[in-house]
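Structure, as structure tokens:
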Amino acid sequence: MTEFFTSGRSIDLVLLLIGLEAILLMVLWRMRRCPIPPLAALLILAPGSCLLLAARAALNGSTWGWISFLLLVALIIHLVDLRQRWQDWASKNSAKGMQG
């Protein structure tokens, strides 16, 4: 069990599950059973996936440059997601203000 976690295979399993979750969310969205559009779903899942990839890289002895690149990508995607959510929230609140 120690080998499973120290080799990064546990992270591979979690990444596989995240990939399956992304596919499921997209299928459900196409069936109109999920309110989250595919791009929004990817923006939600991508930062965590990048963090997992950075952890896996660290476990496998990758260079600090590669690890820091993955962390930077996670931050950038997170900020894009945050900006998108903020804009959605602002537009919903301004629409409510016009109705009332």
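Throughout, read-outs are computed from the coordinates displayed, never taken from laboratory work. This one's a predicted model, so the numbers in the text were calculated from it and none came from an experiment.
Quick notes on this one:
- For the chain, averaging the sequence separation of C-alpha pairs within contact (under 8 Å, six or more residues apart) and dividing by the residue count gives a relative contact order of 24 percent.
- log10 of Debye I(q)/I(0), alpha-carbon scatterers only, for the stretch 2-99 at 0.14, 0.17, 0.19 Å⁻¹: -0.66, -0.86, -0.97
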